[in-house]
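The values are calculated or read from the model by the stated rules, or taken from the named source; none is laboratory data. These numbers were taken from a predicted model, which means no experiment stands behind them. FYI the Cβ positions are ideal-geometry reconstructions off the backbone, even for glycines, and counts take in every protein chain you see. Surface areas here come from the heavy atoms of the whole protein model, side chains and all, with no ligands, DNA or RNA. Shrake-Rupley method; radii C 1.70, N 1.55, O 1.52, S 1.80 Å.
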Amino acid sequence: MKIEKQITGSVIAAVEELYGQKVTEQVVALQKTRSDFEGNLTLVVFPLLKISRQKPEQTAEAIGNYLLEHCPVVARYNVVKGFLNLEVAASAWLELLKEIDADPQWGYKKATEDAPLVMIEYSSPNTNKPLHLGHVRNNLLGWSLAQIMQANGNRVVKTNIVNDRGIHICKSMLAWKLWGNGETPQSSGKKGDHLIGDYYVAFDKHYREQVKELKAKLMAEGVDEEQAEQRAKNEAPLIVEAHEMLVRWEQGDSEVRALWKMMNDWVYAGFDETYKALGVSFDKIYYESQTYLEGKKKVEEGLEKGLFFRKDDGSVWADLSNDGLDQKLLLRSDGTSVYMTQDIGTAQMRFRDYPIDKMIYVVGNEQNYHFQVLSLLLDRLGFRWGKELVHFSYGMVELPNGKMKSREGTVVDADDLVAQMIEDARQMSEDKVNKLEGITPEERNEIARIVGLGALKYFILKVDARKNMLFNPEESIDFNGNTGPFIQYTHARIRSILRKAAGAEATLTTLHSPLSTLQSPLNATEVALVQKLSEFPQVVRQAGKDYSPSGIANYCYELTKQFNQFYHDYSILGADTEEQKAFRLLLAANVAKTIRNGMALLGIEVPERM
């Protein structure tokens, strides 16, 4: 903030002139003035008392007088004990607003060619079922984090690792082979991921029936219940056949691989539809079927170098006891890989593809230990970003009981959730939309889409990612309170005001000229709003530092609340003078711009009208 820099520089000069000592910017503790005091910015003088050798009040008075004489942005001051409260001149706020207006990407820092390269992994779906509510939170967090890191001047690569191999995939394949009768997404009218998910559920249903029958048979033969159940789970014909299919896949069997490719392609097409609906995408997608072999190679290299050790049964392990952890399995005795091995392989491929400076994994908090281990292993294997990898750990998200049902009845389907949110938005906003003249059905549908998705995204992203959360669809779609639609509606209201003022674009290009003659002082609400706008870049910086989309969301809400209070208390188009009207239009336009820039970092669109 330019005003803060000017005051900070003047305070440094004041200390040197008054007390003969130089201080750094870090010593100048400047903060926003508390609401119960008069002023805009407050200098905390306590860190300067050892230099001034005076009482707090005397030190504050001396520096305040110096600032009045030498710093033109300071209009007045008052002293409360060791706090020097400064009132910034109206002209300084006006110049600051003009600077904000001149920057269409206000708050963002542009990346240079040599800026750090940050890779962010998110989504990580399995190809045996559709995306669900947990994936929604993951994708929204990952996408938002990517926008925030980019707005902080980083180059960003958004990546996904698809879990496309393993026994769970073979279960869906076997079920389709046994009971599918050649069904396809086209013949059934179902999205590919839903179709495959149905067969995964069908496998589980038939498998449980087989386990039940086999368990009863074994118990009738005298096997105790616990042993009978374990044997039934391992010996049920369906699971045996699924394991055989997995072995054939591992061996490259052409028939199994062809079936696997066909069904996975159906799933990928379904995933793409869901990603498009959510407004997320990726720069690079990796597949577990390609990375697990890379991981095995890397582990074997580490074994040769003495980084890992082999047990008598042939399994390969990492000893992490010196790091306060235990031993970690990397390769099973039969030579097959585990998830940790696959993650090592994925890291190897990514590091080969990109000169990564920082790696961020967006994965639920149930995997905290996994990433603690992965960080140590990658560092041991020589990945320069390994030790400092970031596990963006987030909590669970649930819905109130009975709100929505998925096709499986156990999880909330992402497609159902998105469709329901858009429908809720359509119903909630119908009265408002009907008031708009000349709106087409297509525009009405687009508004419902923007508002419904905005409600979903904002409600999820406003919560600290580390916390578990309860997503309430009805609460999220409200046009009042801390919701996406409340913020979107304020943006639309401002755009409407600008159109009434003579057309939004024309108004914005002609606002500056009458401001040069603005004589009336700014009121406290106007000053507070300009000051709030000035905080946006720092909010973006802090969100990047803390990996916190919720910080952006909460700022957008606070800015929106402040504008609505201003709009309630003062007329914009009915201002007393043309100069005052021009100022308020410029202020409103830049509130709308900052809301738009802030919400964009959350992946949320803001409509021109609602």
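Specify, per residue and in Å³, the volume enclosed by the convex hull of the alpha carbon atoms belonging to segment 437-478.
Value for segment 437-478: 67 Å³ per residue.
Which angle between 0 and 90 degrees, to the nearest 10, do you get for helix 339-353 versus the longest principal axis of the chain when only C-alpha atoms count?
60 degrees
Working with all protein chains in place, sort R495, R208 by solvent-accessible area computed with a 1.4 Å probe, largest first.
Ranking R495, R208 by accessible area, largest first, yields R208, R495.
As a check on your grasp of the helix formula, calculate [θ] at 222 nm for the chain: sum -39500 (n - 2.57) over DSSP H runs of n ≥ 4, divide by the residue count, round to the nearest 500.
It lands at -18500 deg cm²/dmol.
Amide H to amide H under 5 Å from F471: which residues, 5+ apart in sequence or cross-chain, H placed 1.01 Å off N in plane?
Those qualifying (amide H under 5 Å, at least 5 residues apart or on another chain) are E398, L399.
Taking only the C-alpha atoms, wrap a convex hull around segment 169-259 and report its volume per residue in Å³ as a whole number.
Given the Cα convex hull of segment 169-259, per-residue volume reads 98 Å³.
Determine which aspartates and glutamates satisfy two conditions relative to K212: a Cα distance under 19 Å, and not lying fewer than 8 residues away in the same chain.
Result set, ordered by chain and number: D204, E221, D224, E225, E226, E229, E235, E241.
Rounded to whole Å and sorted largest first, list the principal axis extents of the Cα atoms in segment 194-307.
Rounded to whole Å, the extents work out to 57, 48, 29 Å.
Give the separation of the Cα centroids, segment 540-592 to segment 253-280, in Å.
Between the Cα centre of segment 540-592 and that of segment 253-280, the gap is 44 Å.
Which of the aspartates and glutamates could a cross-linker span from K581 if the Cα-Cα distance has to be under 20 Å and same-chain partners fewer than 8 positions apart are dropped?
E95, E99, D101, E505, E526, D569
Rounding to the nearest 20 debye, state how big the charge dipole of segment 145-205 is about its Cα centre with +1 on each Lys and Arg Cβ and -1 on each Asp and Glu Cβ.
Here segment 145-205 has a charge dipole of around 160 debye.
Top to bottom by accessible area (1.4 Å), largest first, where do E226, E398, E113 land?
E113, E226, E398
Residue by residue, what Karplus-based ³J(HN,Hα) values in Hz, rounded to whole numbers, does segment 603-610 have, using 6.51, -1.76 and 1.60 with θ = phi - 60° and x for Gly and Pro?
x, 10, 7, 10, x, 6, 8, 9
Relative to the Cα centre, what is the charge dipole magnitude of the chain, using +1 at the beta carbon of each Lys and Arg, -1 at the beta carbon of each Asp and Glu, and rounding to the nearest 20 debye?
Approximately 820 debye in magnitude.
Enter the accessible area per residue of the chain (Å², integer; probe 1.4 Å; all protein chains in place).
For the chain, the per-residue accessible area is 47 Å².
Give me the distance between the Cα centres of segment 331-400 and segment 42-62, rounded to whole Å.
50 Å
Please work out the Kirkwood hydrodynamic radius for segment 294-340, using every pair of different C-alpha atoms, and report it in angstroms with one decimal place.
Taking the inverse mean of 1/r over all distinct Cα pairs, segment 294-340 comes out at 10.7 Å.
Once you wrap a convex hull around the alpha carbon atoms of segment 41-82, what is its projected area averaged over all directions, in nm²?
Its Cα hull, projected and averaged over all orientations, spans 2.8 nm².
Please list, by residue number, every one of the GluC sites (Glu not before Pro) in segment 259-361 that is coil in DSSP and has at most 16 other beta-carbon atoms within 10 Å.
none
Given the options I148, F351, V136, identify the residue whose Cα lies farthest towards the positive end of the charge dipole of the chain (+1 on Cβ of Lys, Arg; -1 on Cβ of Asp, Glu).
Farthest towards the positive pole: I148.
Is segment 94-136 best put as rounded, prolate or oblate by its Cα gyration tensor, with a ≥ b ≥ c the root eigenvalues, rounded for a/c under 1.5, and otherwise prolate when a/b is larger than b/c, oblate when not?
Here segment 94-136 falls in the oblate category.
For the Cα atoms of the chain, what angle does the longest principal axis make with the long axis of helix 167-179, in degrees from 0 to 90, nearest 10?
60 degrees
Heavy atoms only, probe 1.4 Å: what % of the accessible area of the chain goes to carbon and sulfur, would you let me know?
Carbon and sulfur atoms account for 48 percent of the accessible area of the chain.
With 15 Å as the cut-off, how large is the P(r) tail for segment 340-398, expressed as percent of Cα-Cα pairs?
46 percent
With every protein chain left in place, what is the accessible area of L133 in Å² (1.4 Å probe, nearest 10)?
Spelled out: L133, probe radius 1.4 Å, area about 10 Å².
Which one, F309, Y547, L325, projects farthest toward the positive side of the charge dipole computed for the chain from Cβ point charges (K/R +1, D/E -1)?
Highest projection toward the positive end goes to Y547.
Return the aspartates and glutamates within reach of K81: Cα separation strictly under 16 angstrom, same-chain partners fewer than 8 residues apart disregarded; answer none if there are no such residues.
D36, E38, E57, E61
Using the structure shown, select from K296/K462; K457/K532; K109/K158 the pairs with a Cα to Cα distance greater than 29 angstrom.
K296/K462
Mind checking the angle between helix 237-250 and the chain's longest principal axis? C-alpha axes, 0 to 90 degrees, to the nearest 10.
Result, in degrees: 70.
Through the Karplus equation 6.51 cos²θ - 1.76 cosθ + 1.60, θ set to phi - 60°, convert the phi angles of segment 151-158 into ³J(HN,Hα) values in whole Hz; use x for Gly and Pro.
Result, rounded to whole Hz: 5, 9, x, 8, 7, 10, 10, 8.
Among DSSP beta bridges lying fully in the chain, give the percent that are antiparallel, nearest 5.
If we restrict to bridges inside the chain, about 50 percent are antiparallel.
Quote the convex hull volume per residue of segment 27-164, based on C-alpha atoms, as a whole number of Å³.
Per-residue hull volume (Cα only) is 206 Å³.
Where in segment 124-218 are there GluC sites (Glu not before Pro) that are in a DSSP coil and have at most 15 other Cβ atoms within 10 angstrom of their Cβ?
When the GluC sites (Glu not before Pro) of segment 124-218 are filtered for loop state and at most 15 Cβ neighbours within 10 Å, E183 remain.
With 24 Å as the cut-off, how large is the P(r) tail for segment 315-418, expressed as percent of Cα-Cα pairs?
Percent of Cα pairs beyond 24 Å in segment 315-418: 41.
Please report Rg over Rh for the chain, where both radii come from the alpha carbon positions and Rh follows the Kirkwood definition.
Value, to two decimals: 1.07.
Tell me which of F536, G222, S91 sits at the most positive position along the dipole axis of the chain, charges placed on C-beta atoms (Lys, Arg +1; Asp, Glu -1).
Highest projection toward the positive end goes to S91.
Which value in Å is the Kirkwood Rh of segment 258-354 over different Cα pairs?
About 15.6 Å, per the Kirkwood formula over Cα pairs.
Could you give me the ³J(HN,Hα) list for segment 191-198, computed from phi with Karplus coefficients 6.51, -1.76, 1.60 and θ = phi - 60°, whole Hz, x at Gly and Pro?
Rounded to whole hertz, the list is 4, x, 5, 6, 4, 5, x, 4.
If you take the square roots of the eigenvalues of the alpha-carbon gyration tensor of segment 1-58 and sort them as a ≥ b ≥ c, do you get rounded (a/c under 1.5), prolate (a/b over b/c) or oblate?
oblate
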